[in-house]
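Undergrad: One structure, as structure tokens, below. Some questions next.
Nothing in this text is a laboratory measurement; each read-out follows from the coordinates by a stated rule. Keep in mind it's a predicted model, so treat the numbers as computed, not measured. Reconstructed Cβ throughout: ideal geometry from the backbone, glycine too, with neighbour counts over all protein chains shown.
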Amino acid sequence: MTKARPGARRPSRGAAGGVRRADRIAAEIQRILSEQILHKTRDPRVAHVTITRVRVNDDLRLARIWFTLLEVDEGNKAAALAGLASAMPFFRRSVAGELGLRHAPELAFAYDEDLADARRIDTILRDLKKQRAEQGTDGDDGDGDGEP
């Protein structure tokens, strides 16, 4: 048996050692919703929505869906949430029909702040790099010894 890396997250396993059913359903829901948004949804509010992750409860009754937008703006986020909420019955029918579940899971959409934070950090780092290039520091710490 191999040891896991320190701090590594172990995959969710069921009683028989396979991947949990809820995780398989979550992956399928992400695929189905991504296809529906890309090919079937005509609402311009959800045109730039990308599904980033889906988590489903063990009883398969609730699916939490995180999304991001190509163009991030507070108004865009609110409009996208409103568009997703108005299309929710359509999405639930699509998920239930393709998965063949007895009960279609309730869908709860949320904006994925992790990607927005990563974009902000990337912008800050890019700005710092540009400032350093404009100042001409090129790694010199300014103490005159020639070492960074």
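Undergrad: First obtain the Kirkwood hydrodynamic radius of the stretch 21-112 from its Cα pairs, then insert it into the Stokes-Einstein equation at 10 °C and 1.306 mPa s, and state the resulting D in µm² per second as a whole number.
TA: Numbers: Rh = 13.1 Å.
The estimated diffusion coefficient comes to 121 µm²/s.
Undergrad: In debye, nearest 20, what is the charge dipole magnitude of the stretch 21-112 about its Cα centre with +1 on Lys and Arg Cβ and -1 on Asp and Glu Cβ, if you could check?
TA: Numbers: 14 positive and 12 negative charges, 63 e Å.
Dipole size: approximately 300 debye.
Undergrad: Let me ask another. What is the list of residues in the stretch 70-102 whose amide nitrogen lies under 20 Å from a point 7 angstrom out from the Cα of Leu62, following Cα to Cβ?
TA: Inside the label zone: 81-82, 84-86, 88-89, 91-93, 95-96, 102.
Undergrad: State the extension gain, in nm to one decimal, for the chain segment bounded by Glu28 and Leu115, taking 0.36 nm per residue of separation less the distance between their alpha-carbons. Don't jump to the answer; show the numbers that get you there.
TA: Working: separation 87, 0.36 × 87 = 31.32 nm, distance 2.17 nm.
Here the segment from Glu28 to Leu115 would lengthen by 29.1 nm.
Undergrad: Sticking with this one: How far apart, in nm, are the 7 Å Cα→Cβ label points at His103 and Lys77?
TA: 3.1 nm
Undergrad: Something else about it: Sort Leu62, Leu84 so that the residue with the fewest other Cβ atoms within 10 Å of its own Cβ comes first and the one with the most comes last.
TA: Details: Leu62 13, Leu84 23.
Going from sparsest to densest Cβ surroundings: Leu62, Leu84.
Undergrad: Here is a follow-up. How far apart, in nanometres, would the label points at His39 and Asp127 be if each is projected 7 angstrom from Cα along the Cα-to-Cβ direction?
TA: 4.2 nm
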